[in-house]
Structure formats: structure tokens, C-alpha cells
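The values are calculated or read from the model by the stated rules, or taken from the named source; none is laboratory data. Note that the coordinates shown come from a computational prediction; the quantities given were computed from them, not determined experimentally. As a convention, Cβ positions derive from the backbone with ideal geometry for all residues, glycine included, and neighbour counts pool all protein chains shown. When the accessible area is computed, the model is the full protein with side chains, heavy atoms only, and any ligands, DNA or RNA have been set aside. Shrake-Rupley method; radii C 1.70, N 1.55, O 1.52, S 1.80 Å.
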Amino acid sequence: MKKEILKYVMLFSVTALLFSCYPGNDTDLEDLDTVTTIYKTDDFSTPPKSAIVIWKVVEIKGEDGDNIPYHGEIDSEILNTTLDNLVDMYGVDNVYIASVTDTPSPVPSNSNVEIIKQHDPDPNADMAVLPSILLRKNVGVGWTYPPYWWWGCWYCWYYPVPYYYDYEVGTVMVSMKDPNRLGNEEGSSWTTFIRGLLSSNNSFNKDRTVKGVNQAFDQSPYLK
Amino acid sequence: MRKIYITAILLIGLTISSYAQSSYWSLNWDITKAAGDTGDYIGNINFRGVSFDGRAFINDNISIGGSVAWYTLYDKLSGLPPIEIDNGDGTAGHISGTQARYLNLVPVLINSHFYFDSGGDFKPYIGIGLGGIYTEQRTEIGLSSFSSDSYAFGAQPEIGVYIPFGYSGTGLNLALRYLYGTSAGDLDSLSMFTFAIGIGFMN
């Protein structure tokens, strides 16, 4: 009888031990970072040769006002890492910055890139590059519109920025689209979703932003 | 007639008493190391496993029985190539990030063992188990999860030894096993070594 009891005690103990050390509790914040890239295969049968970066990180917010606070803490990392990758791919002469001000803010990392202002001639870049950040959890597919100040510029932008189902607060998106098709809602040719970049540690956020944007371009060899 | 009954009873008694033991039970902590395709998926040594084994002796040297086990293999990998995505609607892409990989295995096997005469109290044995293996494979990247499961046919050769604690019917069970499972569903064939250490009960 004692032996039978001992068997059951052992079985219970080992099973409890196994459950107690079931994996899944050793996840760091950085482990949840992902970089997803989606592209339309037909749009890259001929890779682009030039690009213009809209020098503004569009903040995608919810209408209920329940957005996370954000004051452009990682704008510079988003824009400048994107710019650096574009310059690497297409060359400094084939990359442009679209800015509504004479002095772009944040300061571009590459001073040799040409700044295009609202009333300058259209450089006819192959791709417009549109950075944005989600400040409210999105649970659908839709379009959001950047601030009014783009109206009246030489592209007659108010380009829509796509957002997608179930992307988390803090996700950074960078999209590419033919500038001549910015006004329609057919979706971007290329979009990266860099998930989970916002934590309370700004320095940590900046490092992960640079790493994430670099990874997005690394895993998209069809862009060049 | 009475002599026949007495003779029969004596023969049966002699036969039963000639078996040194009638059953063997063991409960083990299993340490696993995947090999082959399974090892490519999770290559590290995992310490999350348990098995329960029951055997009935049909003579001094041979037993038949069954076993059930549960193994959880886990590894966290970073710096891997991105996983390809093909949405099938003219869009494609990649997803990259730290991958948490899980394998949950539940082999349920019938087995037979042969016990060598060691000349001492301990009992070395070899055996083979055959049956089914339920496998769940799951890869998590960030909050995305890709999983599939299967029921496969499995075989498990084994060598081991039972070392009694003194003269009691309780002892240490040590075993080295190789578990093979056929490919099934979306999953490749399974290949895994197991080192089991546990408590054995010899009745």
C-alpha cells in the first residue's frame, strides 16, 4: 500500500515539476520585436532606381483620443536610418528629401541629399517613402490622412497611409509607393511593420528602431 | 483424480514461484536531445520530460507493457533568416525576429523488454516500443505564431538498467532511448535521444 502511495506521490511531483518549468516565462521585451515586410511582387519586376523620403513621421492616432504619448522621440532614427539605407541602395544623387520647411527637422544624417521643398520642381523619383508610427492599437484595415499641411504641395498630397489589422501600439511603418499613385487607395508597393518599438527607455527605443529599419531593408533585396 | 489435482496445483505453484517478479513500474525524468530534422529545429538539450512505464513479466527475462511520456522541447533563437510569407494574392514578404520554438511530444507506446542475468541484484535490459506519437510544433515570432500538429507512427529502442535500493522492491531506473517518428502532416520525421532517470518499482 505504501508503495502504491509512493508511486502516485512521485507521479504528481514530477508532473507538477514539469508544469512549473514549462517554457514561456523568460521573454525579454526585445524578443517580441518583429520586422515584417510585405510587397507587391508585380511592382518590383523592375526595381526602382530613385526615391524621395517624405521628411515627416505621420502619427496615426485613434479618434477616441486614447493614444500613447509620443513627441517624436524616435523620429530621427526612423527617418535617418531609412535615408541611409536608401542612399546605400540608390546612391546619394538618386535620393531626395521632401520637406515643407527650408531646414528639414530632424536634421538629415546625410547633408549631400537634395532637399525638395513645396514649390521646387518634381524630381520624378520612382518611389515615395512614407514613414509613420501607430499611437493607438488598430483593429481593422483602413486609411488615415496626414496633416493638412501637405495639401497644396506639388504632389497635391494628401496621400493616405494604410494601416492594418491588429498592429500594436508603437509599431513603426515605412511604406513605398509610386508618387504618381499617391492619391489613390490601392495600397503601397512595399511596407514594413517594425513592431513594438516604444518602451519607457528612449535610448533602448532608438537602438531598436535603427536595428529594425536596417533589418527591413536587409530582408528586402528586391528593392534594388 | 485427487493426485492429478494436487500435481496440477503444485505445477502451477512452481511455475508462478519460478518468476522472480511479476511487474515493473517506473516513473522517470527524461532529458532529451533531438537529432536529424528535429535537431535542426531545436538543437539544444532539454530537461523538460517525464515518462511513465508499466511492464508485466511473462517469464524471468521478458516483459510486455506500455509507456506514456510527455516531452517539451524549447529553444529561443535570434539572428535567423526571415521566414517567407506568400499571401497568394500577388503580395509576398518576410517576417524576422527572435524565434521561440516549441515541440510538445506525447508518445504512447506498447513495449517489450528482455532482461539479462547480471549475476547480481541489478537488471540490465533492452527493449523496443511501438505506437503513436502526438507532436505539436509551434514557432512564435513576436506575437505571431505558426503551429502545426500531427499523429505519427513511432518506434523506440531502449537500453537500461534497474538498480535496486538494497533488498527493497524499489530502485533506480536508468535508460537510454532513441525515439523515431514517421513524417506526418506538415511535420518532418522525428528523431530524438532520451536519457531517463527515475524510480523503479519491482513487484
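Quick notes
- Residue check for A:Gly24: at pLDDT below 60, open to solvent by less than 40 Å² (accessible area, probe 1.4 Å), more than 7 Å from chain B (Cβ to nearest Cβ) and in a loop (DSSP other than H, G, I, E, B): yes
- Single unsatisfied condition, B:Gly93 versus (1) out of contact with any His (no Cβ under 9 Å at 6 or more places or on another chain); (2) among the small types (Gly, Ala, Ser); (3) closer than 20 Å to B:Tyr178 by Cβ: (3)
- Failed criterion for B:Gly129 (all others in (1) of a type in the set (Gly, Ala, Ser); (2) over 30 Å from B:Leu80 (Cβ atoms); (3) open to solvent by 10 Å² or more (accessible area, probe 1.4 Å) hold): (3)
- Checking each residue in the stretch B:30-79 for being basic (Lys, Arg) and crowded, with 19+ Cβ neighbours inside 10 Å picks out B:Arg48, B:Arg55.
- Flag for B:Gly97 being surrounded by fewer than 20 Cβ atoms within 10 Å (Cβ to Cβ) and over 30 Å from B:Met202 (Cα atoms): no
- Matching residues in the stretch B:179-203 - criterion: being under 27 Å from B:Asp121 (Cβ atoms) and loosely packed, with under 15 Cβ neighbours inside 10 Å: B:Ile197, B:Asn203
- Residues located in the stretch A:28-39, provided they are out of contact with any Leu (no Cβ under 7 Å at 6 or more places or on another chain), open to solvent by 40 Å² or more (accessible area, probe 1.4 Å) and either in a helix (DSSP H, G or I) or more than 14 Å from chain B (Cβ to nearest Cβ) (or both): A:Leu29, A:Glu30
- Test: residue in the stretch A:72-84 that is open to solvent by 10 Å² or more (accessible area, probe 1.4 Å), touching a Pro at 6+ places or on another chain (Cβ under 9 Å), more than 30 Å from B:Gly88 (Cα to Cα) and assigned to a loop (DSSP other than H, G, I, E, B): yes
- Filtered residues of the stretch A:40-63 (kept if free of Cβ contacts under 8 Å to residues at least 24 places away in the same chain, in a loop (DSSP other than H, G, I, E, B) and not hydroxyl-bearing (Ser, Thr, Tyr)): A:Glu63
Rundown of residues vs (1) on the phi > 0 side of the Ramachandran plot; (2) within 11 Å of chain A (Cβ to nearest Cβ); (3) of a type in the set (Ser, Thr, Tyr); (4) within 18 Å of the chain's Cα centre (by Cα), yes/no style:
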{"site": "B:Arg48", "(1), (2), (3), (4)": "no, yes, no, yes"}
{"site": "B:Asn59", "(1), (2), (3), (4)": "no, no, no, no"}
{"site": "B:Trp70", "(1), (2), (3), (4)": "no, yes, no, yes"}
{"site": "B:His94", "(1), (2), (3), (4)": "no, yes, no, no"}
{"site": "B:Gly97", "(1), (2), (3), (4)": "yes, yes, no, no"}
{"site": "B:Asn111", "(1), (2), (3), (4)": "no, no, no, yes"}
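- Being more than 9 Å from every other protein chain (Cβ to nearest Cβ), under 22 Å from the mean Cα position of the chain (by Cα) and modelled with pLDDT of 90 or more is true of A:Ile74.
- Identity of the residue in the stretch A:105-124, acidic (Asp, Glu) and assigned to a loop (DSSP other than H, G, I, E, B), that ends up surrounded by the fewest Cβ atoms within 10 Å (Cβ to Cβ): A:Asp122
- Checked against (1) hydrophobic (A, V, I, L, M, F, W, C); (2) closer than 19 Å to A:Val174 by Cα; (3) in contact (Cβ under 8 Å) with a residue 40 or more places away in the chain, A:Val87 passes all but a single condition, namely (3).
- The stretch A:40-55, subset surrounded by fewer than 22 Cβ atoms within 10 Å (Cβ to Cβ) and touching a Ser or Thr at 6+ places or on another chain (Cβ under 8 Å), residue nearest to A:Gly170 (Cα to Cα): A:Lys40
- Test: residue in the stretch A:126-149 that is modelled with pLDDT of 50 or more, open to solvent by 50 Å² or more (accessible area, probe 1.4 Å), in a loop (DSSP other than H, G, I, E, B) and out of contact with any strand residue (DSSP E or B) (no Cβ under 8 Å at 6 or more places or on another chain): yes
- Applying the criterion of being buried (at least 22 other Cβ atoms within 10 Å of the Cβ) and of a type in the set (A, V, I, L, M, F, W, C) to the residues of the stretch A:191-214, the residue that is farthest from the other protein chains (Cβ to nearest Cβ) is A:Leu198.
- The residues in the stretch B:154-165 that are open to solvent by 50 Å² or more (accessible area, probe 1.4 Å) and not β-branched (Val, Ile, Thr) can be counted, and the count is 2.
- Extreme residue, modelled with the highest pLDDT, among residues of the stretch A:163-183 that are aliphatic (A, V, I, L, M) and not in a strand (DSSP E or B): A:Val169
- Of all the residues in the stretch B:72-81, those that are facing chain A (nearest Cβ under 10 Å) and part of a strand (DSSP E or B) number 5.
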